[in-house]
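Only the coordinates and a few stated rules stand behind these numbers; no lab work does. These numbers come from a predicted model, not from an experiment. Heads up, the Cβs are rebuilt from the backbone with ideal geometry, glycines too, and the neighbour counts pull from every protein chain shown.
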Amino acid sequence: MAREFYVVVERDEDGFYVGEVPQLRGCYAQGRTLDELMSNIREVIELCLEDEPETAAVLPEFVGVQKVVIP
């Protein structure tokens, strides 16, 4: 059974891409490129699910990210 997870991606001060899966506690990875990050985060998701399969919380559906500009 395929499961879907959302990955929140940011770029740190060193230029690395950092991804976190909010549905899984402590599930994050990094990579020099987006491709490397996504490969790494897939591995981490699998490890998180092996260690604690019941930790995959049912969270509300991800809606999106909004940008707010304050003049």
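Remark: the chain carries a charge dipole of roughly 300 debye about the Cα centre, counting +1 on each Lys and Arg Cβ and -1 on each Asp and Glu Cβ. Below 8 Å between Cα atoms, with a sequence gap of 6+, how large is the relative contact order for the stretch 8-55 in percent? With pairs under 8 Å counted, the relative contact order is 28 percent.
In this rough spin-label picture, where each label sits 7 Å from Cα along the Cβ direction, the Val63-Asn40 distance is 3.1 nm. Highest mean first, the peptides 1-11, 37-47 sorted by other C-beta atoms within 10 Å per residue fall in the order 37-47, 1-11.
Within the chain, the ratio Rg/Rh, alpha carbon atoms throughout and Rh by Kirkwood, equals 1.02.
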